[in-house]
Amino acid sequence: MASKVEKLFEALPGPGSIEDLGLLIDTIRDVFGVLHVVYLAVSLGQSYSVASSPGAGKLRGVDGSWWRHTGKLGAGTYSTEWGERYAEADYARIDPVIEGAIRSFMPIDWKNLDWSTAARKRFLREAIECGIGNQGYTIPIRGPNGQFAVFVINENCNDDQWARFIEEHASQLLVVAHFFHQKVIEVERLFGPTVQPKLSSRETDVLKLIAIGKSRAQVAHELQISENTLRVYLDSARHKLSALNITHAATIAVTKGIITL
């Protein structure tokens with residue numbers, strides 16, 4: 001059975017502009033069957049030339065909007081009503097989702113954030129009134145030269161259903177979040193052409209399995225190698241791809257066409 005990541009890559013529109021990133025957000029939302037998906041690049045780490053039309057506008061096929069402002073870039077399926085309310089109330093000052101992501105390197109379940117103050121309770125109540133789900137999962141993304149972005153999955157369900165969803169999809173969501181960020185980098189043309197790295201067949205094998213959401217133990221078992229040997233292949237591939245971590249390496253390998261899913 002195809003994984004969510006494999007289904008996602010089969011349905012990709014091949015984004016080449018900000019508008020196409022909106023289609024990609026739609027695809028991610030539909031493949032995982034959630035209420036909302038949102039991406040926000042808080043910092044892309046350096047000045048960059050705008051590869052597509054400046055300003056902000058509606059994403060094709062969705063009710064949300066993409067935007068670009070003072071180095072920030074976002075795309076998502078939240079309603080325009082919530083975007084306007086968020087800006088009007090300057091909720092970025094108190095948003096525990098952003099605050100939690102800044103302080104963490106690991107994905108964060110919204111239930112573990114601090115919603116205790118009156119202002120944050122009002123913030124959450126208004127978000128739900130504007131169509132935001134009661135459950136959320138935020139993946140912080142960090143890259144070279146101070147890059148920092150957040151990728152959010154949002155749904156409306158009870159705690160048990162949400163816990164099962166995260167347990168089943170956490171590893172795949174991590175790959176997808178880094179993949180989307182890599183696509184933003186490509187669209188914004190932050191980096192010039194680079195020499196295509198050459199990976200060994202074993203290095204491509206292990207990265208492909210990581211990319212579709214397999215755990216290290218599962219990869220080692222499937223390839224019938226020890227976890228120590230697996231670590232050698234992964235570290236070698238990460239070094240060749242100049243990646244920050246293994247998830248980043250798998251993402252780079254996919255976007256460069258070194259591995260296909």
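The values are calculated or read from the model by the stated rules, or taken from the named source; none is laboratory data. From a predicted model like this one, the values you see are computed outputs, not experimental measurements. All Cβ positions, even for glycine, are placed from backbone atoms using ideal geometry, and neighbour counts span all protein chains on display.
Structure notes:
- For the residues 140, 144, the requirement of being within 21 Å of residue 41 (Cα to Cα) and in contact (Cβ under 8 Å) with a residue 60 or more places away in the chain singles out 144.
- The residue that is farthest from the chain's Cα centre (by Cα), among those in the range 89-131 that are among the β-branched types (Val, Ile, Thr) and outside any loop (DSSP other than H, G, I, E, B), is 128.
- Only a single criterion out of (1) buried (at least 16 other Cβ atoms within 10 Å of the Cβ); (2) of a type outside the set (Asp, Glu); (3) modelled with pLDDT under 50 is not satisfied by residue 60, namely (1).
- Residue within the range 176-192 that is assigned by TED's automatic domain parsing to the domain that holds residue 75 and within 20 Å of residue 133 (Cα to Cα) present: yes
- Among the residues making up the range 103-149, those that are of a type in the set (Ser, Thr, Tyr) and surrounded by fewer than 20 Cβ atoms within 10 Å (Cβ to Cβ) are 104, 116, 117.
- Residue match in the range 215-230 (condition: outside the structural domain of residue 74 (by TED's automatic domain parsing) and closer than 29 Å to residue 40 by Cβ): yes
- Condition met for residue 255 (crowded, with 21+ Cβ neighbours inside 10 Å, touching a residue at least 40 places away in the same chain (Cβ under 8 Å) and of a type in the set (Val, Ile, Thr)): no
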